[in-house]
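Report on the following structure.
The values are calculated or read from the model by the stated rules, or taken from the named source; none is laboratory data. On a predicted model such as this, the values are computed, not experimentally measured, just so you know. Don't worry about glycine lacking a Cβ; one is built from the backbone with ideal geometry, like all the others, and counts go over all protein chains shown.
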Amino acid sequence: MSKRKAKDYYRRSNPLTPSMTVIRSAITNGTCLVDGPDHRSAFAKRWRDIIEAHTADLGGADNVSEGERSLIRRASMLALQLEMIEKRIADRGGEASRDQLLDYQRAANSLRRILESIGLRRRPKAVPSPLEYARLIERERGAA
């Protein structure tokens, strides 16, 4: 038996050695967002919240493609960075430097483009016709 066949046989026959199809990175399997920093920080928690909100908007994790998942991560980071810039400007009494405004504008435009590519769309609110509205008011008065 060649060394390669022996190695493959050992890997398949030894239950303590996981196969390569089972081994996935922590980022891929969703247990962490990035490699390195503490995932319990307020920053990481907010980033995760934004990712989950965008994913829910697209129908949940089961309905999101890998490309959409990647764009959601980038959009969520930009949204978080915009929130941080807004906080810094608010802490200074609303005063922002020209560079801060340019950074904010660039990030906001990038966020808009990413969200458009993953399905940002206007959802009009359902407004009843005047006749339907009058019937609705009448029913509510009759129930009270």
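What number of residues within segment 58-93 are part of a helix (DSSP H, G or I) and touching a residue at least 40 places away in the same chain (Cβ under 8 Å)? Residues that pass the stated criteria total 6. Which residues, taken from segment 51-82, are closer than 23 Å to residue 103 by Cβ and over 9 Å from the mean Cα position of the chain (by Cα)? Once the filter is applied, which keeps residues that are closer than 23 Å to residue 103 by Cβ and over 9 Å from the mean Cα position of the chain (by Cα), segment 51-82 yields 78, 79, 80, 81, 82. For segment 52-67, which positions are of a type in the set (Ser, Thr, Tyr) and either touching a Lys or Arg at 6+ places or on another chain (Cβ under 8 Å) or over 13 Å from residue 118 (Cβ atoms) (or both)? Matches in segment 52-67: 55 only.
Residue-wise test of (1) closer than 22 Å to residue 44 by Cβ; (2) of a type in the set (D, E, K, R); (3) surrounded by 10 or more Cβ atoms within 10 Å (Cβ to Cβ); (4) modelled with pLDDT under 90.
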| position | (1), (2), (3), (4) |
| --- | --- |
| 83 | yes, yes, yes, no |
| 88 | yes, yes, yes, no |
| 92 | no, yes, yes, no |
| 96 | no, no, yes, no |
| 99 | no, yes, no, no |
| 102 | no, no, yes, no |
| 107 | yes, no, yes, no |
| 116 | no, yes, yes, no |
| 143 | no, no, no, yes |
